[in-house]
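Please treat every number below as a calculation from the coordinates, not as lab data. Note that the coordinates shown come from a computational prediction; the quantities given were computed from them, not determined experimentally. Because the Cβ atoms are built from the backbone with ideal geometry, glycine has one as well, and the counts that use them run over all protein chains shown.
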């Protein structure tokens, strides 16, 4: 389509030049009509040729099938207002985290790290941890959808770590970055790692 438009533009320019006078060789140019493969009228009716511009911003192709209206009404209310407290507590009591899948539990703050944190950081951490607890409870009753929610659960743990690390001293930051999460945000070996770090530094000073 673009090639034909270019030809049309070139033909138009040639036509204007020939109408003003003769060409250098003394002969007038004779233009032939170029028939495009796709006309503007065809594009308007079929939509052909617009795919190169990318998908329409208002396209519904990335959405799934409609849910039952009774489900939609309830979900919209939950997303706007949250669950009533009694309903939330009943669901949490019903869907307990399996004893052999403790990864669904939110990682706890290490006892060695907690005293280093200010009140605001601790409150933020408790709030996110409570959300993770609900995610874990819900995930225990799901199958395939568990993959997506588990990824959200992990992302929240990473976020909590990132909010805590800036409040640690430089030595702790270095160790905290290397420790993987499991039951605790900074593993169960945080204190041991810090003791080893201090021992190495002390030995280095003694040798000097």
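Points to keep in mind about this one:
- Residues residue 142 and residue 87, FRET efficiency given R0 of 22 Å [Cβ-Cβ distance, rounded to 0.05]: 0.75
- Potential extension, residue 80-residue 134 segment - 0.36 nm per residue separation minus Cα distance: 17.7 nm
- Where only alpha carbons of region 127-194 are counted, the Rg and the Dmax (Å): 13.9, 42
- Cα→Cβ-extended label distance, 7 Å offset, between residue 72 and residue 196, nm: 5.7 nm
- With N the number of residues in region 112-164, Rg(Cα) / (2.2 N^0.38 Å) evaluates to 1.29.
- Peptide packing: for 83-90, 155-162, 133-140, the average count of neighbouring Cβ atoms within 10 Å per residue gives the ranking 133-140, 155-162, 83-90, highest mean first.
- Gain on full stretching of the segment that runs from residue 162 to residue 182 - 0.36 nm per residue minus C-alpha separation: 5.6 nm
- Cα-only Debye scattering, region 73-201: base-10 log of I(q)/I(0) at q = 0.12, 0.13 Å⁻¹: -0.55, -0.63
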